[in-house]
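Q: To start, I am sharing the structure in question, which I have written as structure tokens.
The values are calculated or read from the model by the stated rules, or taken from the named source; none is laboratory data. Just so it is clear, the model here is predicted, and its values are computed rather than measured. When we count neighbours, we look across all protein chains shown, and the Cβ atoms used for this are built from the backbone with ideal geometry, even at glycine.
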Amino acid sequence: MRCWNRGIRKILSTDQAVSILMTVTDEEKFNVGLTSPLKPRDNCIFVVNAKLLGHRDDVLCDSSGVWDAAQGAKSHYFQKDASGTVSKITRKAYATSADAVHFKRRAYKNQNAPDFSRIYWFAEDGRCDYVMVQYFFKGDPHDFEPKAHKNSKLSCEPYRRTYKSTLQTIQDSGKDQSKSRYHLQVRARTESFDAKGKFFIRAMVIRGGGGGAGYHRTVLDSSVCFQVLNLEQESNPAQGIRNKKQIHNHTASAEVDNISLLMAKCKGELEKPNNRFIREVSAAPKLAIFLASTIQLGDLARFCTVPRKFCILSFDTTFNIGPYDVTIVVYRHLMLCSESAKVGIHPVKIGAVYIHHGRTEAEYSRFMYLLKQECPELKHLQAS
């Protein structure tokens with residue numbers, strides 16, 4: 001991360017900060033940052049090009065834990081004359097000038113290091129391309145470890161601020177986009193499929209540099225979701241669909257193709273037994289898919305069948321993917337210890353996954369049969 005200035009022993013005044021932001025020269029652009037600062041631990045100043053960020057406030061995501069506002073935002077108005085001199089003006093003068101800029105200053109204190117401050121200057125009206133963040137220790141600079149957020153009850157992971165651009169993408173996904181051609185195509189292909197979540201997740205992946213054809217093939221191959229997220233890569237996929245009958249036929253044909261691909265992938269994995277994950281695919285009378293890696297099955301046999309020390313094998317059906325129910329086998333990994341006592345001494349791990357139609361006794365019996373078939377050691381399954 002490019003740093004504008006390092007080692008400064010005082011906090012800049014707003015006049016000094018704005019003068020820098022409004023008079024960045026071509027030679028000084030080498031010191032302008034392109035991304036957010038990462039874990040600053042000394043007295044330093046960062047000038048960042050806000051146009052290269054998803055949102056100007058993304059610059060505040062510095063992985064330094066929780067910051068509390070030390071004071072409210074203060075507004076200041078500036079104008080640069082023909083000679084390049086930056087001067088402060090009144091709010092009334094700003095309202096009548098097309099070249100004036102409305103800047104705001106915000107101050108923060110770090111919860112994990114009370115002597116560590118952060119000052120943030122930015123153009124509220126967007127008339128300046130650059131933003132500035134200054135980090136300042138009252139005493140000598142020192143390192144510290146960010147802690148979990150106070151509202152976090154289960155996780156001990158250090159708090160990381162979510163990018164403002166990510167939050168905006170999620171918020172925008174909830175707005176009415178019925179007039180969008182893209183969403184009309186989604187609704188035409190997937191009459192009862194909720195594509196909102198998939199839409200904003202895909203938007204965030206693309207913004208982060210992913211989302212190409214390789215991403216779709218790797219993550220969503222052999223899935224009905226592939227048809228939703230990959231619409232724009234096809235040439236007018238909804239062209240010619242005019243009524244509900246054609247919508248049904250079009251979606252059904254896509255699902256059959258995906259099942260064929262899934263069965264072919266399952267067959268292909270037989271050549272490498274140690275790398276198998278798709279263990280069995282049953283297409284009739286109802287679609288059922290059994291998923292488990294060799295490591296997962298080995299852990300089930302190791303931790304759930306030894307009488308001297310074992311964990312309880314649990315089953316949980318808590319969510320669905322479209323019309324399919326998902327049942328997950330979970331167990332506790334007895335060779336690992338959790339840092340948080342609130343989630344138990346040993347962490348919970350996923351053992352096997354069963355995707356099926358309906359929560360009937362026959363479906364769960366089928367699941368147990370497949371589980372014992374793939375892991376014969378479970379005949380010695382322990383219970384308390």
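Q: Do you know which of the residues in the range 49-98 that are of a type in the set (Asp, Glu) and in contact (Cβ under 8 Å) with a residue 24 or more places away in the chain is nearest to Asp125 (Cα to Cα)?
A: Step by step, filter the range 49-98, then rank; the result is Asp57.
Q: Let me ask you something else. For Glu361, only one of the following conditions fails: (1) under 25 Å from Ile321 (Cβ atoms); (2) surrounded by fewer than 17 Cβ atoms within 10 Å (Cβ to Cβ); (3) touching a helix residue (DSSP H, G or I) at 6+ places or on another chain (Cβ under 9 Å). What is its number?
A: Against the list (1) under 25 Å from Ile321 (Cβ atoms); (2) surrounded by fewer than 17 Cβ atoms within 10 Å (Cβ to Cβ); (3) touching a helix residue (DSSP H, G or I) at 6+ places or on another chain (Cβ under 9 Å), Glu361 comes up short only on (3).
Q: Quickly run through the range 129-166 and pick out the residues that are free of Cβ contacts under 8 Å to residues at least 24 places away in the same chain and either touching a strand residue (DSSP E or B) at 6+ places or on another chain (Cβ under 9 Å) or surrounded by fewer than 14 Cβ atoms within 10 Å (Cβ to Cβ) (or both).
A: Passing the criteria: Lys138, Asp140, Asn151, Ser152, Glu157.
Q: Considering each residue of the range 50-74, count those that are within 18 Å of Asn5 (Cα to Cα) and out of contact with any strand residue (DSSP E or B) (no Cβ under 6 Å at 6 or more places or on another chain), and give that number.
A: 2
Q: Can you go through Gly298, Gly322 and tell me which one is at positive phi and modelled with pLDDT of 70 or more?
A: So the residue among Gly298, Gly322 that is at positive phi and modelled with pLDDT of 70 or more is Gly322.
Q: For the range 347-371, which residues satisfy the criterion of being of a type in the set (Lys, Arg) and in a helix (DSSP H, G or I)?
A: The answer is Arg366, and nothing else.
Here is a yes/no grid of residues against (1) in the same structural domain as Asp140 (by TED's automatic domain parsing); (2) farther than 29 Å from Pro141 by Cβ; (3) part of a helix (DSSP H, G or I):
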{"position": "Ser19", "(1), (2), (3)": "yes, no, yes"}
{"position": "Asp57", "(1), (2), (3)": "yes, no, yes"}
{"position": "Ala69", "(1), (2), (3)": "yes, no, no"}
{"position": "Ser87", "(1), (2), (3)": "yes, yes, no"}
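Q: Enumerate the strands (runs of 3 or more DSSP E) found wholly within the range 255-321, keeping only those where 2 or more residues are touching a Cys at 6+ places or on another chain (Cβ under 6 Å).
A: The qualifying strands (runs of 3 or more DSSP E) are 278-282.
Q: So in the range 258-271, with the set limited to residues that are over 12 Å from Ser293 (Cα atoms) and of a type in the set (D, E, K, R), which one is nearest to the chain's Cα centre (by Cα)?
A: Within the range 258-271, the match that is nearest to the chain's Cα centre (by Cα) is Lys265.
Q: Taking the range 41-55 on its own, how many of its residues are part of a loop (DSSP other than H, G, I, E, B) and over 23 Å from the mean Cα position of the chain (by Cα)?
A: Here the count works out to 3.
Q: Kindly check whether there is at least one residue in the range 332-344 that is at pLDDT 85 or above, assigned by TED's automatic domain parsing to the domain that holds Gly298 and of a type outside the set (Lys, Arg).
A: no
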